[in-house]
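Colleague: Here you go, one structure.
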Amino acid sequence: MKVMAQIAMVMNLDKCIGCHTCSVTCKQAWTNRQGTEYVWFNNVETLPGQGYPRRWEDQERWKGGWERTRSGRLRLRAGGRLAKLGKIFANPDLPRIDDYYQPWTYEYKNLTEAPAGDDMPTARPVSQLTGEPIDIEWGPNWDDNLGGAPAHAPRDPIVEKIRDEVGEKIRFEFEQSFMFYLPRICEHCLNPACVSSCPSGAMYKRAEDGIVLVDQDACRGWRMCVSGCPYKKVYFNHRTGKAEKCTFCFPRIEVGMPTVCSQTCVGRMRYLGVMLYDADKVAGAAAVEDEHDLYPAQVECFLDPRDPAVIEAARRSGITREWLDAARDSPVYDLIATYQVALPLHPEYRTMPMVWYVPPLSPVVEAVAATGSDGEDAGNLFSAIDALRIPVEYLAAILTAGDTYAVDAVLRRMAAMRAYMRRVNLGEARDESIAQAVGLTGVEMEDMFRLLAIAKQEDRFVVPSAARADADALAETHPLDGACPVGAPSEPRVMLNLGPARRSS
Ligand code: SF4
Ligand code: SF4
């Protein structure tokens, strides 16, 4: 067992109100510069919808992530070193600016400095890239709140994928559709395709906390990371000629603070905590044959931070006491492993993402309430989950590589918590049978409720500080190949780095 530690995130989609505060505060902190006008390290998508960049989930088009060969090995979808060499000057798998959007501003000066006259002054939109007037035709949230859904949502790659299965049950007419928000950042994957795609060895995953970064000095601007990342969360800065990406706010994490997006989240739907995992298991888990097994295989990689044998092995691996204490109190571990209500985003990309999601129950509750029935009643909710195939199949296509059984189990747990806690809050007798129906106890239901519904800051964010000394100690414990457990062996990789400006060699 080779124990490693990573800071991970869980987002509770039922609580996202789509306010975009996270995106805006992240942009102010990290991409409020020339060359990054179109860049959103954090963005919030309305689903069903096309996302940002447009149709990013269509890997037939973008060739991001990994695929499993017939012999059971993993290879980058975009091809190996030779294939990369062939497209190093003209990469057909790269999104163009119009796939993101043409960033724009307005001629505000016209409003404030126009001379007095008969006409109302106007502020035309101008491109932030060319300075020329433009017609705005798309933006990072063009289909926000299902705006234009009849025209745009049918082009959602997930809708296209499951339409054969669910037929005409997917509708985008008002009051017949369903929607929810999906906030997205870099997944800081355990098996990052971006790292293995980089010909310059500039992308790396830190050993001490698993954060994936770009070494700006080493980046040569080949952009193979942009096409290699299936989540399209690496961006090219056209001013500096370098790749940039979400840093998981590492300067804040290093001093025990939550990321900007987490701290400012209005819905209090983000959770941060340490996950311990067995690096020896990652390669096998990412390469399991059946895509439906990818979610349980990744869960199998995670280690119980309260198990004495794990703690002992972690100490031997150089993980500090502070990190082990944080791992024991990790809300992320509890949501993923104890209560099993969080799921990975697109496990079929085989990058082993480390930002997980509690799926939204709200489309089901709303549908039950719309029939005039009690949307908080456990019986009504359980049968509605079975009957409402569209959200479950859609959610499964996003979170479990299509395994509806796993999504169903999570939604049942969430529904049971709602029904159980409603009785408690109304002063009625606790009904243990509701908890037992989903394999939990009443005490666990209440703990889960405290974490998901009350969600105080100290419960949501359990972030240990990382002293530079810890990183140096880890550098000695894990030699150069230590930080990224998997990858195409033929790809150049530099794995262990201790900060954006400092790399071990
Ligand atoms: Fe790399 Fe994964 Fe982040 Fe994409 S989502 S940039 S593959 S770590
Ligand atoms: Fe959702 Fe929180 Fe972002 Fe608002 S700040 S859009 S609630 S994730």
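The values are calculated or read from the model by the stated rules, or taken from the named source; none is laboratory data. From a predicted model like this one, the values you see are computed outputs, not experimental measurements. Please note: Cβ atoms are built from the backbone with ideal geometry, for glycine as well, and neighbour counts cover all protein chains shown.
Colleague: Would you be able to say whether some residue in segment 179-196 is exposed (fewer than 14 other Cβ atoms within 10 Å of the Cβ) and either among the β-branched types (Val, Ile, Thr) or under 25 Å from GLU45 (Cβ atoms) (or both)?
Modeller: no
Colleague: Next question, about the same structure. Does TYR106 satisfy being surrounded by fewer than 21 Cβ atoms within 10 Å (Cβ to Cβ) and at pLDDT 95 or above?
Modeller: So TYR106 passes the test.
Colleague: Still on this model: Do the conditions hold for GLU60, that is, is it touching a Leu at 6+ places or on another chain (Cβ under 8 Å) and more than 16 Å from THR264 (Cβ to Cβ)?
Modeller: Judged against the criteria, GLU60 is not a match.
Colleague: Cβ-Cβ under 9 Å, sequence separation 6+ or interchain: first residue in segment 358-370 and over 16 Å from SER177 (Cβ atoms), partner surrounded by 17 or more Cβ atoms within 10 Å (Cβ to Cβ) and among the charged types (D, E, K, R). Which pairs?
Modeller: Note: pairs meeting the criteria are VAL358/ASP14; VAL358/LYS15; PRO359/ASP14; LEU361/ASP14; LEU361/ARG418.
Here's the yes/no breakdown for (1) under 17 Å from the mean Cα position of the chain (by Cα); (2) assigned to a loop (DSSP other than H, G, I, E, B):
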| position | (1), (2) |
| --- | --- |
| PHE178 | no, yes |
| CYS186 | yes, yes |
| TRP222 | no, yes |
| ARG239 | no, yes |
| PRO251 | no, no |
| GLN263 | yes, no |
| GLY267 | yes, yes |
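Colleague: Also: For segment 360-369, state whether one or more residues are in contact with a strand residue (DSSP E or B) (Cβ under 6 Å, 6 or more places away or on another chain), buried (at least 17 other Cβ atoms within 10 Å of the Cβ) and not assigned by TED's automatic domain parsing to the domain that holds GLN50.
Modeller: Checking segment 360-369: at least one residue is in contact with a strand residue (DSSP E or B) (Cβ under 6 Å, 6 or more places away or on another chain), buried (at least 17 other Cβ atoms within 10 Å of the Cβ) and not assigned by TED's automatic domain parsing to the domain that holds GLN50.
Colleague: Please go through segment 100-114 and pick out each residue that is closer than 30 Å to PHE178 by Cα and in a loop (DSSP other than H, G, I, E, B).
Modeller: TYR101, GLN102, PRO103
Colleague: Does segment 287-294 contain at least one residue that is in contact with an Asp or Glu (Cβ under 6 Å, 6 or more places away or on another chain), surrounded by fewer than 24 Cβ atoms within 10 Å (Cβ to Cβ) and over 28 Å from MET445 (Cβ atoms)?
Modeller: Taking every residue of segment 287-294 in turn, at least one turns out to be in contact with an Asp or Glu (Cβ under 6 Å, 6 or more places away or on another chain), surrounded by fewer than 24 Cβ atoms within 10 Å (Cβ to Cβ) and over 28 Å from MET445 (Cβ atoms).
Colleague: Answer yes or no as to whether ALA466 is part of a helix (DSSP H, G or I) and at pLDDT below 95.
Modeller: So ALA466 fails the test.
Colleague: Taking segment 215-225 only, how many residues are buried (at least 24 other Cβ atoms within 10 Å of the Cβ) and more than 9 Å from ligand 1 (Cβ to nearest atom)?
Modeller: So the count comes out to 1.
Colleague: When residues of segment 26-38 are filtered for being within 20 Å of the chain's Cα centre (by Cα), surrounded by fewer than 20 Cβ atoms within 10 Å (Cβ to Cβ) and closer than 13 Å to ILE97 by Cα, how many remain?
Modeller: The number of residues fulfilling the criteria is 0.
Colleague: OK, next. For the condition in a loop (DSSP other than H, G, I, E, B) and within 16 Å of ligand 1 (Cβ to nearest atom), what is the one hit in GLY131, GLY210, GLY117, GLY139?
Modeller: Criteria check complete, one pass: GLY210.
Colleague: If you don't mind, there's one more thing I want to ask. Which residues, taken from segment 226-241, are within 8 Å of ligand 1 (Cβ to nearest atom) and either charged (D, E, K, R) or modelled with pLDDT under 95 (or both)?
Modeller: Hits for segment 226-241 are LYS232, LYS233.
Colleague: Now for a separate question. With VAL274, VAL260 as the choices, which residue is buried (at least 18 other Cβ atoms within 10 Å of the Cβ), within 16 Å of ligand 2 (Cβ to nearest atom) and over 30 Å from ARG75 (Cβ atoms)?
Modeller: Being buried (at least 18 other Cβ atoms within 10 Å of the Cβ), within 16 Å of ligand 2 (Cβ to nearest atom) and over 30 Å from ARG75 (Cβ atoms) holds for just one of VAL274, VAL260, which is VAL260.
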